[in-house]
1. Of the residues that make up segment 425-441, is at least one of a type in the set (A, V, I, L, M), open to solvent by 60 Å² or more (accessible area, probe 1.4 Å) and within 30 Å of Ser535 (Cα to Cα)?
2. If I go through segment 356-369 residue by residue, how many of them are in a loop (DSSP other than H, G, I, E, B) and either within 16 Å of the ligand (Cβ to nearest atom) or crowded, with 22+ Cβ neighbours inside 10 Å (or both)?
3. Assess whether Ile384 counts as being open to solvent by less than 60 Å² (accessible area, probe 1.4 Å) and of a type in the set (A, V, I, L, M, F, W, C).
4. Can you list residue pairs whose Cβ atoms sit under 7 Å apart, with the first residue in segment 208-222 being within 14 Å of Ile387 (Cβ to Cβ) and the second being open to solvent by less than 40 Å² (accessible area, probe 1.4 Å) and part of a strand (DSSP E or B)? Count only pairs 6 or more apart in sequence or on different chains.
5. Just to be sure I understand, how many residues within segment 142-196 are under 18 Å from Arg73 (Cβ atoms) and either open to solvent by 10 Å² or more (accessible area, probe 1.4 Å) or touching an Asp or Glu at 6+ places or on another chain (Cβ under 7 Å) (or both)?
6. Just give me the residues in segment 344-355 being at pLDDT 95 or above, within 16 Å of the ligand (Cβ to nearest atom) and of a type outside the set (Gly, Ala, Ser), in sequence order.
7. Give the residue, chosen from Glu453, Glu485, Glu492, Glu449, that is loosely packed, with under 15 Cβ neighbours inside 10 Å, among the acidic types (Asp, Glu) and on the phi < 0 side of the Ramachandran plot.
8. Taking Val372 and the conditions (1) open to solvent by 20 Å² or more (accessible area, probe 1.4 Å); (2) touching a residue at least 60 places away in the same chain (Cβ under 8 Å); (3) out of contact with any helix residue (DSSP H, G or I) (no Cβ under 8 Å at 6 or more places or on another chain), which numbered condition does it fall short on, given that it satisfies the others?
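The values are calculated or read from the model by the stated rules, or taken from the named source; none is laboratory data. The shown structure was predicted, so the numbers you read here are calculated from the model rather than taken from an experiment. Glycine gets a Cβ as well: all are built from the backbone with ideal geometry, and neighbour counts include every protein chain shown. Protein only, heavy atoms only, side chains kept; ligands, DNA and RNA dropped before computing areas. Shrake-Rupley method; radii C 1.70, N 1.55, O 1.52, S 1.80 Å.
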Amino acid sequence: MCGIVAYVGSREAAPLIVKGLKRLEYRGYDSSGIAVITDQALKVFKKKGKVKDLEVVLANQNNLGNIGIGHTRWATHGEPNDVNAHPHMSNSGRLAIIHNGIIENYASLKQMLLNKGYEFKSQTDTEVLVNFIEEIQKTKNCELPDAVRLALKDVVGAYAIVVLDKENPGQLVAARKGSPLVIGVGHEEYFFASDATPIIEYTKEVVYLDDLEIAIVNQDGLTIKNLQNEEQDPEIQTVELELEAIEKGGFDHFMLKEIFEQPKSIADCLRGRVNPDEAIIQLGGLRSHIGKLAKAKRIVFVACGTSWHAGLVGEYLFEELARINVEVEYASEFRYRNPIIKEGDFVIAISQSGETADTLAALEMAKSKGAVILGVCNVVGSSISRITEAGVYTHAGPEIGVASTKAFTAQVTVLTMMAIATAHAKGTLSDETYRQLLIEMAAIPEKVEKILEKSEEIKDISKLFTFASNFIFLGRGLNFPVALEGALKLKEISYIHAEGYPAAEMKHGPIALIDEDMPVVFIAIKDSSYEKVVSNIQEVKARKGRVIAIVSEGDRDVKSMVDFAIEVPKTHEVLQPLLTVIPLQLLSYYIAVLRGRNVDQPRNLAKSVTVE
Ligand code: F6R
């Protein structure tokens, strides 16, 4: 949430920063701004709206110098407007700051500063922070790095910040706690950003700043210190991310590109891990943990949103295949509930970004209570991947559309591999089923491809439901989480109210909603609950509901009773979610596009929720 970019070097800073902000716009897009030092003056340009609105403001500016900071905002304190947009300046006009996070004790700091005569233009916590730094700089008569360090000792909350000082036009001071910050190390130039995407065009060498560290970049190069003022050795890593992976590549939207990338992203996730010919499944990151997982009494998945839905699929998989007791928790509830965690419990975080504040905090809490903490993350080097004892990367590649698609199927792929490997180690899977599952897993990318070939058919169905006001999604067993995911996708990008339910629960309330205006999406594939789902379809049809069913290839029976049927190839029952979710992603996408929504940047949302 909120994207930050900063640059110092010999290039023109403003265009580079604006380009970087566009790459980070998925993190927030209600206003944006930059601050630069040019002709010894600190200048701030900011604008409500998208980064393209800021570009209009900057259109007539000539070279604005070689140092600057920029921000794209997802509002926390104060409504989205020009004044609340970042960067924020200190009262003297000497400092400018960009900030991703929340300063929780901003009210008391603000009162202290008001008492000293400071004035505030915005409603933000960030303007309080920059003035607090200025106050320390003045009263202690110290340089900016020390002022930042001392200020942060008194700050409660989460932050990734970069500060610019007019009196030091070759210096950037940055710090983080709880919000991500990557430093790009080029040849006599440095970049700061919330993730590596604004940086990789210029350098692949990066340093991931750790919590409670301060980075100072000036004529002496890069120095990293902790809050105790002790110097730390920067660990320079090479990012393996190519530019084309973060561009739209001819698709209308990132979301559509990411939906269509799924045959590849699932194949990438399986590569080197599943080998059906030799009947091998290996997860390098969990090599020494699978045996322990096999003996686990309890696994708790913690996650939010779509990743939580993947966790629900994981629950079914681990229970069914490995016979392990599993719980799936909303990270935000789990962290504040004083849950019972016993020594040896496994707590596994599932997170695309690896930065979700609640998931991170839930893990930290579980660790402090003695759990073994593992991670299933997409973003390499993310905070969750760094605090976990071990884990598995999903290798889905950068997901830029705010609505998660390929990250979900990659998470489910990883959880399936984990469950199969654990079950195999535990001996709860017959050799034959084990081999069969590996063969079927390897065939999933091709089957996803076959579903994607139906995109025009799904688009045609979408046209008939574009103006629906409500939707219900129903599924049973492993397809219940898929129903939840279908409903979430639709509501977040089309703003149509949608509910996901276990199909049998319909009779306990939601059936009252069914009439001829209510579209009901059933996942009705030929699995162990097929007959029961068919009965649920009959119940909806008897009440004149309009039914779209996701059915197994060749199923004429359900086809004959519903309004529309979308076929998916057959596979082993436990792998079905990887296929049944694809038509639901496409259905939501096309409905949202037909309604004229901004599918990549839906209102009020942002990717990577780094505030709780
Ligand atoms: C929905 C969506 C969100 C995320 C949730 C968790 O499409 O993307 O619900 O799944 O914010 O994010 P991560 O997986 O980054 O922890």
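1. No.
2. 1
3. Yes; evaluated as a whole, the condition is true for this residue.
4. Between residues of segment 208-222 that are within 14 Å of Ile387 (Cβ to Cβ) and residues that are open to solvent by less than 40 Å² (accessible area, probe 1.4 Å) and part of a strand (DSSP E or B), the close pairs are Tyr208/Val182; Asp211/Arg176; Asp211/Gly178; Leu212/Asn226.
5. Total satisfying the criteria: 6.
6. If the condition is that a residue be at pLDDT 95 or above, within 16 Å of the ligand (Cβ to nearest atom) and of a type outside the set (Gly, Ala, Ser), then Val347, Ile348, Ile350, Gln352 are the ones that fit.
7. Glu453
8. Exception for Val372: condition (3).
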